[in-house]
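The values are calculated or read from the model by the stated rules, or taken from the named source; none is laboratory data. Bear in mind the structure is a predicted one, so any value in this text is a computation, not a measurement. Here the Cβ is made from the backbone with ideal geometry for all residues, glycine too, and neighbour counts use every protein chain on show.
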Amino acid sequence: MTPQAVEKSIEVVKEVVGLGKGLAEWGQERERTKRAQIDAGVEMARIEKATLEVIADANAEMRRIEGTHAKHVMDHQATMKRLEIEQQKVTSRLSQEERVLDKVLEQVDNPAQLAESYRALLLSRNDS
(Lines give C-alpha, C1' and ligand atoms only; values in the text may rest on other atoms or scores of the structure.)
Protein backbone atom coordinates (compact mmCIF):
# COMPACT_ATOMS: atom_id res chain seq x y z
CA MET A 1 0.00 0.00 0.00
CA THR A 2 1.19 3.38 -0.88
CA PRO A 3 1.49 6.15 1.67
CA GLN A 4 -1.34 7.94 -0.03
CA ALA A 5 -3.57 4.88 0.19
CA VAL A 6 -2.67 4.53 3.87
CA GLU A 7 -3.54 8.16 4.47
CA LYS A 8 -6.78 7.74 2.59
CA SER A 9 -7.59 4.62 4.67
CA ILE A 10 -6.82 6.52 7.87
CA GLU A 11 -9.09 9.36 6.77
CA VAL A 12 -11.86 6.88 5.96
CA VAL A 13 -11.40 5.22 9.36
CA LYS A 14 -11.48 8.65 11.06
CA GLU A 15 -14.66 9.52 9.18
CA VAL A 16 -16.26 6.20 10.14
CA VAL A 17 -15.23 6.74 13.78
CA GLY A 18 -16.55 10.33 13.59
CA LEU A 19 -19.78 9.04 12.08
CA GLY A 20 -20.02 6.44 14.86
CA LYS A 21 -19.48 9.14 17.47
CA GLY A 22 -22.08 11.33 15.75
CA LEU A 23 -24.57 8.45 15.74
CA ALA A 24 -23.84 7.75 19.41
CA GLU A 25 -24.30 11.43 20.29
CA TRP A 26 -27.51 11.51 18.23
CA GLY A 27 -28.78 8.45 20.12
CA GLN A 28 -27.91 10.05 23.45
CA GLU A 29 -29.61 13.29 22.43
CA ARG A 30 -32.67 11.32 21.31
CA GLU A 31 -32.83 9.64 24.74
CA ARG A 32 -32.42 13.01 26.51
CA THR A 33 -35.22 14.42 24.35
CA LYS A 34 -37.50 11.47 25.20
CA ARG A 35 -36.68 11.89 28.89
CA ALA A 36 -37.36 15.64 28.68
CA GLN A 37 -40.72 14.93 26.98
CA ILE A 38 -41.65 12.43 29.71
CA ASP A 39 -40.58 14.85 32.46
CA ALA A 40 -42.51 17.68 30.78
CA GLY A 41 -45.60 15.46 30.55
CA VAL A 42 -45.36 14.59 34.24
CA GLU A 43 -44.88 18.28 35.14
CA MET A 44 -47.82 19.29 32.95
CA ALA A 45 -50.04 16.70 34.65
CA ARG A 46 -48.93 17.95 38.08
CA ILE A 47 -49.60 21.57 37.11
CA GLU A 48 -52.98 20.69 35.59
CA LYS A 49 -53.98 18.87 38.78
CA ALA A 50 -52.86 21.85 40.91
CA THR A 51 -54.78 24.22 38.62
CA LEU A 52 -57.95 22.15 38.95
CA GLU A 53 -57.55 22.17 42.74
CA VAL A 54 -57.17 25.97 42.72
CA ILE A 55 -60.27 26.29 40.53
CA ALA A 56 -62.26 24.01 42.85
CA ASP A 57 -61.11 26.00 45.90
CA ALA A 58 -61.97 29.29 44.19
CA ASN A 59 -65.43 27.99 43.25
CA ALA A 60 -66.04 26.85 46.84
CA GLU A 61 -64.93 30.24 48.16
CA MET A 62 -67.21 32.04 45.68
CA ARG A 63 -70.16 29.88 46.81
CA ARG A 64 -69.33 30.70 50.43
CA ILE A 65 -69.12 34.42 49.65
CA GLU A 66 -72.39 34.32 47.68
CA GLY A 67 -74.09 32.56 50.60
CA THR A 68 -72.73 35.09 53.06
CA HIS A 69 -73.78 37.93 50.78
CA ALA A 70 -77.30 36.52 50.43
CA LYS A 71 -77.55 36.23 54.23
CA HIS A 72 -76.36 39.82 54.64
CA VAL A 73 -78.91 41.01 52.07
CA MET A 74 -81.70 39.18 53.92
CA ASP A 75 -80.50 40.55 57.27
CA HIS A 76 -80.36 44.05 55.79
CA GLN A 77 -83.88 43.74 54.38
CA ALA A 78 -85.20 42.49 57.73
CA THR A 79 -83.46 45.35 59.56
CA MET A 80 -84.80 47.91 57.10
CA LYS A 81 -88.34 46.52 57.52
CA ARG A 82 -87.99 46.62 61.32
CA LEU A 83 -86.72 50.20 61.15
CA GLU A 84 -89.55 51.16 58.80
CA ILE A 85 -92.11 49.75 61.25
CA GLU A 86 -90.39 51.52 64.14
CA GLN A 87 -90.36 54.78 62.19
CA GLN A 88 -94.08 54.39 61.45
CA LYS A 89 -94.75 53.84 65.16
CA VAL A 90 -92.71 56.90 66.14
CA THR A 91 -94.37 59.04 63.46
CA SER A 92 -97.81 57.88 64.60
CA ARG A 93 -96.97 58.54 68.26
CA LEU A 94 -95.61 62.00 67.44
CA SER A 95 -98.76 62.80 65.46
CA GLN A 96 -100.92 61.70 68.40
CA GLU A 97 -98.82 63.76 70.81
CA GLU A 98 -99.08 66.75 68.52
CA ARG A 99 -102.88 66.43 68.37
CA VAL A 100 -103.05 66.06 72.16
CA LEU A 101 -100.76 69.05 72.64
CA ASP A 102 -102.86 71.12 70.24
CA LYS A 103 -106.02 70.24 72.20
CA VAL A 104 -104.31 71.01 75.49
CA LEU A 105 -103.13 74.35 74.17
CA GLU A 106 -106.66 75.16 72.98
CA GLN A 107 -108.25 74.28 76.33
CA VAL A 108 -105.70 75.47 78.87
CA ASP A 109 -106.03 78.97 80.29
CA ASN A 110 -103.32 78.93 82.93
CA PRO A 111 -99.60 78.04 82.69
CA ALA A 112 -99.68 75.57 85.63
CA GLN A 113 -102.31 73.45 83.95
CA LEU A 114 -100.33 73.62 80.69
CA ALA A 115 -97.16 72.49 82.47
CA GLU A 116 -99.02 69.61 84.15
CA SER A 117 -100.53 68.46 80.85
CA TYR A 118 -97.14 68.65 79.15
CA ARG A 119 -95.54 66.67 81.99
CA ALA A 120 -98.24 63.98 81.65
CA LEU A 121 -97.58 63.82 77.91
CA LEU A 122 -93.84 63.38 78.49
CA LEU A 123 -94.47 60.68 81.11
CA SER A 124 -96.73 58.79 78.69
CA ARG A 125 -93.96 59.00 76.08
CA ASN A 126 -91.47 57.39 78.49
CA ASP A 127 -93.93 54.58 79.23
CA SER A 128 -94.20 53.52 75.57
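Some notes on this structure:
- When GLU53, GLU116 are checked against the criterion of being of a type in the set (Asp, Glu) and at pLDDT 95 or above, a single residue qualifies: GLU53.
- None of ARG93, ARG30 is in contact (Cβ under 8 Å) with a residue 12 or more places away in the chain and on the phi < 0 side of the Ramachandran plot except ARG93.
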